[in-house]
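One structure is given below, encoded as structure tokens.
No value in this document is a laboratory result; all are computed from the given coordinates. Just so we're clear, the structure is a prediction, and the values are computed from it rather than from any experiment. Heads up, the Cβs are rebuilt from the backbone with ideal geometry, glycines too, and the neighbour counts pull from every protein chain shown.
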Ligand SMILES: Nc1ncnc2c1ncn2[C@@H]1O[C@H](COP(=O)(O)OP(=O)(O)OP(=O)(O)O)[C@@H](O)[C@H]1O
Ligand SMILES: [Mg+2]
């Protein structure tokens, strides 16, 4: 469990001025059209400072994954703006947005989204390889993260050789690999037992506080949301 430090709280007030933070301003997302249109996000505002760990809870279908999809630029909001690491994500071209995502954002998907043909270690090294930053330090960090999620004995395994929980832990290690400015985590512990859940969340909190990451974690798990500095509730696309 993490006690929110005073400097994190004071940092919250100035989140918008911080280069590392995440800010969603009056974001609305409408999906589908006509009679089947759904307001997945309804005028959502959220500021997360560098080094701050925010949890979002809410029922299924309330818009939690949509929030993360908009925050990382995978989904363009219908209206409103998203700022990440000092850049207005919503003002960038698709190509620029992809580059920003690769460099500044770590994403742990609700389904682990590992590449079928790569081993656990290769999954971690791939983003750095693409970005031309694969060096000895990166390989060492990959080994450390694989150990931190308890997968050292599975480092050479491919996704089909892993359990659901092992895939989830590999996805978490991969997201932490680039020490992203912003970390977005969707139900990171749904396939994990209590001990592994606690370990995974401790790792997320540690990364957030030590490396000054702005972290948003979506979860149903009330036990793990205690680790967060702030907790929001999402209901019908509204955040409170
Ligand atoms: N492509 C789409 N077209 C239309 N509606 C969609 C689309 N994708 C999601 N929705 C709807 O948007 C709403 C929010 O979905 P979202 O996936 O963000 O919920 P969630 O809170 O993450 O749910 P869960 O806890 O089940 O993962 C839901 O009502 C969903 O049915
Ligand atoms: Mg979801």
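Quick notes
- Relative contact order (percent, whole number), the chain, Cα cutoff 8 Å, 6+ residue spacing: 31
- The value of relative contact order for region 16-67, using C-alpha pairs under 8 Å at least six residues apart, is 35 percent.
- Once both labels are positioned 7 Å from their Cα atoms along Cα-to-Cβ, the gap between residue 94 and residue 226 label points is 4.6 nm.
- Extension gain from residue 79 to residue 60, taking 0.36 nm per residue of separation minus the Cα-Cα distance: 4.5 nm
- Across 44, 82, 120, mean-square fluctuation computed from a Gaussian network of the chain (C-alpha pairs under 10 Å connected) peaks at 44.
- Highest GNM mean-square fluctuation among 41, 29, 92, for the chain modelled with Cα contacts below 10 Å: 92.
- Folded to 0 to 90 degrees: helix 164-176 orientation relative to the chain principal axis, Cα: 80
- Calculated mean residue ellipticity, 222 nm, the chain: -10500 deg cm²/dmol, from DSSP H runs (n ≥ 4) at -39500 (n - 2.57) each, averaged per residue and rounded to 500.
- Per the Debye calculation on region 116-162 with a single equal scatterer at every Cα and no solvent contribution, log₁₀ I(q)/I(0) for q = 0.31 Å⁻¹ amounts to -1.14.
- Here the chain is described by how far its Cα atoms reach on the three principal axes: 47, 38, 33 Å, from widest to narrowest.
- Under 17 Å from the residue 33 label point (7 Å along Cα→beta-carbon), backbone N, region 61-100: 76-79
- Region 72-123 shape via C-alpha gyration tensor axes, a/c threshold 1.5: prolate
- Nearest 10 degrees, 0 to 90: helix 120-130 Cα axis against the chain principal axis: 60
- For region 15-144: rounded, prolate or oblate by the Cα gyration tensor [a/c cutoff 1.5]: prolate
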